[in-house]
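The structure appears right after this line, and notes come after that.
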Amino acid sequence: MKTMIKMSMKLLLRTKAFWFFLILTPVLSTLILKSRFDSSAAYIQKEDGRVIELSGADEKVAYNGGNGEYLVKVYDASGSSLSEEMLTMLARSGMYMICRCDLSGQGDVFTESFTESHMKRDGFEDRMGAAMYIYPGFGAAETAEEMADNIRLYALSDDERTDLLKEDIAFFVNGAAYDGERFTEALGSVYENKKVITVSGKAGSTLTAEQVNNKTQIGYAFAFMTLGFVFCGVFVAHATINEQKNGVYTRISLTKAGPVQYFVSKLVTAAVISLMSTGVMGICCLIISIDDLGMSRAEYLLMIFLLGLIFSSVSMLLGILIGDVMGANVAAFSVWCLSALLSGLYFPLDDVSDLINMLASLMPQKWFLNASEKIITGDNSVFGMILCITAAYLCVVISTGSLGIKLKRISEWGNS
């Protein structure tokens, strides 16, 4: 077996493209980890009971939804404590997502041209359940009729929750007009006793904005590193395909080495490649601080090595089973693209269907990304999990690869 491993490594070290992927992908991953950007808005779930403040009247609210929320865009020209209490009541009810644009201090901005232009924008260029206009006189109103006259509500969808929204606004207006102070105190006591559990991370951990940024950057780094591992595994498959075509495997099979030993030798070669790539990444990590990673360098490199072991062996397996160099390249790139997308390396998959979640569970990057989230929050118990995940994938690869080589050999004998 040692001789087969040495022969495979000699062939790989003579391949220029192998060195390209071996060095380039760790460098790109390091640049991703070194660059700092804010991605917390995409991953941290919005807190219940809070009014989302918009930067301007033209800002779209559709990006704040995504899981069937009833979005309400509020143009608040009152800016009073009364409008604040009403919007907070609606937001804390759990039925609506309130997005407010503060237009107070600008006088009566709701001119005919303003209302017409924003109604068209909200109706055709945005997505929401309703748009609410609160006029400047709302805060000074004393009766329920005066408060209602200073509110305009426009339904922009056929959602049945619009009727419920109207009833909740009428409930607040009547209660505030009857006894505003006691009414708001009663509402406050009700919502204080309402228990809301907020989970920010995919793996069940509550992350800070900085930790979310670290997790996101590690996900991008995983994407680049897996690309390198996939194609390094393909190069091992290329050598195996050439050995089968040139009769090298036939001569090996005449010795005591069987299909299992032959495939394990290729698997060991893939492991050596993963170790080499991890070593290059380790050198690059010297310029990365622990703050950029959110974990120690040893923990990060261990995950990189295990992830590389999985992908280099899987791509090698695909290439051997396909038996064609071009087909192996296409299959490897397809596996990399689909697995990166379905595992949530590029964007969160919190609101996808059950089928997508099931497919995501088959992707190793998903488990490693969840593990990185746990490690960032100080939970090191996940290393046992990722070791088991790696062992499971390797068992599948070894059994499938050995059987595939044996069946292909039997098929070749039958055709001859």
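Pairs spanning more than 27 Å between alpha-carbon atoms, out of K16/K266; K245/K266; K10/K34: K10/K34. Between N242 and D291, the FRET efficiency from the beta-carbon distance, with R0 = 41 Å, is close to 0.30. Counting only protein heavy atoms and a probe of 1.4 Å, the accessible surface of region 276-416 is 73% carbon and sulfur.
Can you give the accessible area per residue of region 273-344, in Å², using a 1.4 Å probe? Don't skip to the end; give the middle numbers.
Numbers: 2630 Å² over 72 residues.
Result: 37 Å² of accessible area for each residue.
In this rough spin-label picture, where each label sits 7 Å from Cα along the Cβ direction, the N174-S113 distance is 4.1 nm. For region 281-318, the residues whose backbone nitrogen is under 18 Å from a point 7 Å from the Cα of T15, taken along Cα to Cβ, are 308-318.
Residues of region 73-93 falling in the label zone of I52, defined by backbone nitrogen less than 15 Å from a point 7 Å along Cα to beta-carbon, are 73-75, 91-92. Other residues with beta-carbon under 13 Å from the beta-carbon of L87 carry, at +1 per Lys or Arg and -1 per Asp or Glu, a net charge of -2. The length gained on full extension between V272 and K120, counted as 0.36 nm times the residue separation minus their Cα-Cα distance, comes to 48.6 nm. Computed extension gain for T400 through I23, at 0.36 nm per residue and net of the alpha carbon distance, reaches 132.7 nm. Comparing Cα centroids, region 296-356 and region 261-280 end up 16 angstrom apart.
The values are calculated or read from the model by the stated rules, or taken from the named source; none is laboratory data. Model, not experiment: these values are computed from the prediction. Neighbour counts are summed over all protein chains in view; Cβ atoms, including those assigned to glycine, are modelled from backbone coordinates with ideal geometry. These area figures cover heavy atoms from the full protein model, side chains too; ligands, DNA and RNA do not enter into them. Shrake-Rupley method; radii C 1.70, N 1.55, O 1.52, S 1.80 Å.
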